[in-house]
Amino acid sequence: MSEPLLLVERREAVGLIRLNRPRVLNALNTTLVRELADVMEEMDRDDEIRVIVLTGNEKAFAAGADIQEMAETTPVQFVVKQFFADWERIRRIAKPIIASVSGYALGGGNELAMCCDMIVASETARFGQPEINLGVIPGAGGTQRLTKAVGKMKAMELILTGRMMSAQEAFELGLVNRVVPQDKLEEETMALAGEIASKPPIAVRLGKQAVLKALDLTLEHGLHFEQNAFFMLFSSEDQREGMKAFVEKRKPEFKGK
Ligand code: CAA
């Protein structure tokens, strides 16, 4: 039997997904991306899971879309196969997703990390959009998300030169949340995931949605969305509990209700 493309486990309230094509630096073929969307949707429906962590191995988070698979594809085949439909499913996951990146996060690999909500990087991580060297440009959101993350000038440089940047540079540009030593990557990622998993899940979900709206909407519409979400949370038991616990000077017990 062939190796599974994804290794999936649950650690308390955290769903951990490991990309598992080490021989090709976790190149993202269509089957892998479909299975990834399937697993993420399953985790999104699972009340026991509050945060999703996506990772690779020490050498690569993912070195991009699978060039071998893509090389001879025609435009019509892309359309017929709805090539990016599973990426769209990943974009719609409601729970927070943390990318835990070691080694290469290139092309589709960097785009996948940017589809996540936060990035924890090891000091060895290398980020980039090298598609220009293959005669194309990013296709899974790179030109849009990288520009939103690091601004026009830097995104332009990275996409037009295809150069890789270090974890430290990515951190300084605001692409990654924190840079940690390689041997602490899992521990630090899980600590961040655990902290978020301990928060009231409905507020976490709406917080994620509201931040993502800021990338999409005008300020006026974004503020409108935020206020409605804020008001809505006052119908949750967790809001009552959170504010009551503050007043009573005790730790809140959130139930996700
Ligand atoms: N697709 C398919 N196979 C890949 C791959 C990819 N994106 N990246 C690496 N591999 C394979 C290599 O072909 C090689 O396989 P073989 O052993 O069978 O030859 C194996 O993984 C190991 O890779 P290297 O021998 O090249 O390893 P290295 O350490 O010398 O170099 C690297 C590492 C610099 C990351 C180099 O592998 C590389 O440049 N990879 C391609 C990166 C890239 O261009 N990514 C963008 C893809 S296009 C895209 O993602 C489009 C989009 O926006 C959706």
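The values are calculated or read from the model by the stated rules, or taken from the named source; none is laboratory data. These numbers come from a predicted model, not from an experiment. In this analysis, Cβ positions are derived from the backbone assuming ideal geometry, glycine residues included, and neighbour counts consider all displayed protein chains. Heavy atoms of the whole protein, side chains included, go into the accessibility calculation; ligands, DNA and RNA do not. Shrake-Rupley method; radii C 1.70, N 1.55, O 1.52, S 1.80 Å.
Once the dipole of the chain is set up with Lys and Arg at +1 and Asp and Glu at -1 on Cβ about the Cα centre, which of Ser198, Leu54, Ser236 lies farthest towards its positive end?
Ser236
For the range 92-156, compute Rh as the Kirkwood radius over C-alpha pairs and then the Stokes-Einstein diffusion coefficient at 20 °C and 1.002 mPa s; write the answer in µm²/s, rounded to an integer.
Numbers: Rh = 12.2 Å.
Here the translational diffusion coefficient equals 175 µm²/s.
The range 1-98: D in µm²/s via Stokes-Einstein (Kirkwood Rh, Cα pairs, 20 °C, 1.002 mPa s)?
Details: Rh = 14.3 Å.
Using the Kirkwood radius from Cα pairs, D works out to 150 µm²/s.
When the dipole is taken about the Cα centre of the chain, and only Lys, Arg (+1) and Asp, Glu (-1) are charged at their Cβ, what size is it in debye, to the nearest 20? Mind showing how you got there, number by number?
Working: 33 positive and 37 negative charges, 105 e Å.
Using Cβ point charges on Lys, Arg, Asp and Glu, the chain gives about 500 debye.
Please report Rg over Rh for the chain, where both radii come from the alpha carbon positions and Rh follows the Kirkwood definition. The partial results should precede the final answer.
Numbers: Rg = 19.0 Å, Rh = 19.2 Å.
Radius of gyration over Kirkwood radius for the chain works out to 0.99.
Using Cα-Cα distances under 8 Å and only pairs 6 or more residues apart, what relative contact order does the chain have, in percent?
Values: 438 pairs, mean separation 40.6, N = 257.
Once divided by the residue count of the chain, the mean separation gives 16 percent.
For the range 132-140, take each phi angle, set θ = phi - 60°, evaluate the Karplus expression 6.51 cos²θ - 1.76 cosθ + 1.60, and give the result in whole Hz per residue in order, putting x for glycine and proline.
4, 6, 9, x, 10, 10, x, x, 10
Can you return the lysines within cross-link range of Lys95? Criterion is Cα-Cα under 22 Å, with same-chain partners fewer than 8 residues away left out.
Correct list for Lys95: Lys148, Lys199, Lys208, Lys213, Lys255, Lys257.
Over all alpha-carbon pairs in the range 43-148, figure out the percentage whose distance exceeds 20 Å.
Numbers: 2396 of 5565 pairs.
In whole percent, the long-distance tail amounts to 43.
Mean shadow of the range 201-248, computed from the convex hull of its alpha carbons, in nm²? Please list the in-between numbers first.
On the way: hull surface 13.6 nm².
So the Cα hull casts an average projection of 3.4 nm².
So, for the range 201-248, what is the accessible surface per residue at a probe of 1.4 Å, expressed in square angstrom? Write out the running numbers ahead of the final one.
On the way: 3520 Å² over 48 residues.
Solvent-accessible surface per residue comes out at 73 Å².
Report, in degrees rounded to the nearest 10, the 0 to 90 angle that the Cα long axis of helix 185-197 makes with the longest principal axis of the chain.
40
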